[in-house]
Amino acid sequence: MTDWKAVGIGAILNAVLTIVLTIAVFPLFFLGPLIGGFLTAYLSNGNEKEGLVDGALSGIIGGLIIGVLFIAGFGALTVIIGLIFAKIGILAGTITFIVGLFVTLMSVIIGGVFGAIGGVLGEYIKQNEIME
C-alpha cells in the first residue's frame, strides 16, 4: 500500500533538490530524484516492489512540480513581453508552452526513473538495517 505522506515528502524534496542542483551544479541534478525516491522508500512500509513504485511516484510528482514551476515562471515572463511587444508576445507564449511541455515531460521521465532507483536503494538499506 502506497504511503502518500512519504511520497509527498519525497516529491517535494525531489523538486527542491533538483531545482537547486540544476542552478548550482548542473551535472548533479539527478541526485534530486534519487534522494527523493530513497527517502520515500525509506519512510514507507513495504517491500522492494513497493519501494520501487513509491520512489517512482515521488519522482513523477516531483517532475510535475518542476514542470508547473517552469511554465509558471516563464509564463509570467511571456506576459511581460506580451504587454511590451504585442506580436512578439504571441510567439514567445507559444515557444514557452512548447518548451514547458518538453521540460515537464523530461522531468517526469527522469524523475520517475531515478526515483525508482532511489526507491529500490532505500528499501534495500532499510531491509539490511532490520536484518542487523
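Since only 121, 106, 45 are under comparison, the one whose Cα sits farthest along the positive direction of the charge dipole of segment 4-131, derived from C-beta charges on Lys, Arg, Asp and Glu, is 106. Note on 3, 54: ascending count of other Cβ atoms within 10 Å places them as 3, 54, the fewest first.
With the simple model of a label 7 Å out from the Cα in the direction of the Cβ, residue 72 to residue 106 spans 2.2 nm. Given the C-alpha centroids of segment 78-122 and segment 11-44, what is the distance between them in whole angstrom? Segment 78-122 and segment 11-44 have Cα centres spaced 18 Å from each other. Multiplying the residue separation of residue 99 and residue 43 by 0.36 nm and subtracting their alpha-carbon distance yields 16.7 nm. Considering only 57, 31, 91, the Gaussian network model of the chain with Cα springs below 10 Å gives its largest mean-square fluctuation to 91. Full extension of the chain between residue 91 and residue 22 yields a length gain of 22.2 nm, computed as 0.36 nm times the residue separation minus the alpha carbon distance.
A Gaussian network model of the chain, with springs between Cα atoms under 10 Å, assigns the largest mean-square fluctuation among 110, 12, 98 to 98. Using the Cα coordinates of segment 4-131, the gyration tensor eigenvalues translate into equivalent-ellipsoid semi-axes of 35, 12, 10 Å, sorted from longest to shortest. A Gaussian network model of the chain, with springs between Cα atoms under 10 Å, assigns the largest mean-square fluctuation among 121, 21, 34 to 21. Within the chain, the selection of entire DSSP H helices by a Cα span of 20 Å or greater along the long axis and an average Kyte-Doolittle value of at least -0.5 returns 4-24, 48-84, 86-131.
Readers should treat all values here as calculations from the given coordinates under stated rules, not as data from a laboratory. Values in this document were obtained by computation on a predicted structure and should not be read as measured data. Glycine also receives a Cβ, built like all others from the backbone with ideal geometry; neighbour counts cover every protein chain displayed.
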